[in-house]
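K.L.:
My structure is below; once you've seen it, I'll send some questions.
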Amino acid sequence: MKNTRIAALAALGLAASLSLTACNGDDTAADASSQGSSSSNSSSSSSSGSGSKTEGGSSEGGSEAGAGKSGSGQNSEAGTDAPDSGAKSGGGKVTFCKTADLAIDAQDAAPDENTGRIDITMINRGSKTCSATGFAGVDIKDEDHTSSPIERGQAQPRVTTLKPGDAAVFNLAYEIDNSGESLASPTHIQVTPPNETHTVDLKWPAGAGAIKGAYTDVQVFPTHTTK
């Protein structure tokens, strides 16, 4: 009987111990779960904050780039004003002379028997001042109906501004062939004024000396005023 009670008390104690251990285990698991959840939330919050900073930096960088482009555009607009300013400071509204406004003539102006020179004069018959600065385009037509372009001589163009009634002149220069065996038989001079596209045909001046060599030996010089 005594042994039975001792056995019953022992069983009771063992059951109580097991119950207490089970309770402690659940509490520990709950604590661990709570800590894990807190850690996860903290990590998620940290990650979210980091991403937000990155986007903000990118946005700010884009804004600065946009401002830079805007500034560049303003510089570009200022640059487009430069040609207009230059045009005003360079003489205002003076335009190049038009072929239709020029009376053009060719004359023999040889200074001696060995040096050939033809003066081509252009008179401004228009109502406005114009510029004839530069080299005229010149071709010489031969009696065989061919034409040859004339090369430019070594000279710097001079500013040639013509008021109504003013004249400009340019020269063709070559060496005269006195042998009587010249192979060149020029009939016309085709003249295109500087910075123009319309051409006029002038007769080769009567009495002009024969060209020595070929038409490639003739040179054209830039315009200048007669004053």
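Please treat every number below as a calculation from the coordinates, not as lab data. Since the model is a prediction, treat every value here as computed from it, not as a measurement. Here the Cβ positions follow ideal geometry from the backbone for every residue, glycine too, while neighbour counts run over all protein chains shown.
K.L.:
Can we say residue 196 is touching a Gly at 6+ places or on another chain (Cβ under 9 Å) and assigned to a strand (DSSP E or B)? Show your work before the answer.
P.N.:
On the way: touching a Gly at 6+ places or on another chain (Cβ under 9 Å): yes; assigned to a strand (DSSP E or B): no.
Here the answer is no, as residue 196 does not meet what is asked.
K.L.:
When both residues are 6+ apart or on different chains and their Cβ atoms are under 6 Å apart, which pairs have a first residue that lies in the range 137-159 and is in contact (Cβ under 8 Å) with a residue 24 or more places away in the chain and polar (S, T, N, Q), and a second that is outside any strand (DSSP E or B) and surrounded by 12 or more Cβ atoms within 10 Å (Cβ to Cβ)?
P.N.:
Going by the 6 Å Cβ cut-off, the qualifying pairs are 148/215.
K.L.:
Determine which member of the set 163, 203, 212 is among the basic types (Lys, Arg) and farther than 27 Å from residue 101 by Cα. Steps first, answer last, please.
P.N.:
Working: 163 fails: farther than 27 Å from residue 101 by Cα; 203 fails: farther than 27 Å from residue 101 by Cα.
Criteria check complete, one pass: 212.
K.L.:
Right, next: Please state which of the following conditions residue 128 fails to meet, knowing it meets all the rest: (1) over 14 Å from residue 106 (Cα atoms); (2) crowded, with 16+ Cβ neighbours inside 10 Å.
P.N.:
Failed condition: (2).
K.L.:
How about the range 109-136: which of its residues are among the β-branched types (Val, Ile, Thr) and either outside any loop (DSSP other than H, G, I, E, B) or touching a residue at least 60 places away in the same chain (Cβ under 8 Å) (or both)? Before the answer, list the steps.
P.N.:
Applying the first criterion (among the β-branched types (Val, Ile, Thr)) to the range 109-136 yields 115, 118, 120-121, 123, 129, 133.
Listed by number, the residues that qualify are 115, 118, 120, 121, 123, 133.
K.L.:
Which count do you get for residues in the range 175-201 that are touching a residue at least 12 places away in the same chain (Cβ under 8 Å), acidic (Asp, Glu) and surrounded by fewer than 17 Cβ atoms within 10 Å (Cβ to Cβ)?
P.N.:
2
K.L.:
Going through 132, 173, 155, 136 one at a time, which residue ends up being of a type outside the set (Lys, Arg) and more than 32 Å from the chain's Cα centre (by Cα)?
P.N.:
173
K.L.:
I'm told residue 225 meets every condition in (1) under 22 Å from residue 131 (Cα atoms); (2) surrounded by 17 or more Cβ atoms within 10 Å (Cβ to Cβ) except one. Can you identify the failing condition by its number?
P.N.:
(2)
K.L.:
So is residue 159 out of contact with any helix residue (DSSP H, G or I) (no Cβ under 7 Å at 6 or more places or on another chain) and not in a loop (DSSP other than H, G, I, E, B) or not? Spell out how you get there, then give the answer.
P.N.:
Working: out of contact with any helix residue (DSSP H, G or I) (no Cβ under 7 Å at 6 or more places or on another chain): yes; not in a loop (DSSP other than H, G, I, E, B): no.
For residue 159, the condition - out of contact with any helix residue (DSSP H, G or I) (no Cβ under 7 Å at 6 or more places or on another chain) and not in a loop (DSSP other than H, G, I, E, B) - is not met.
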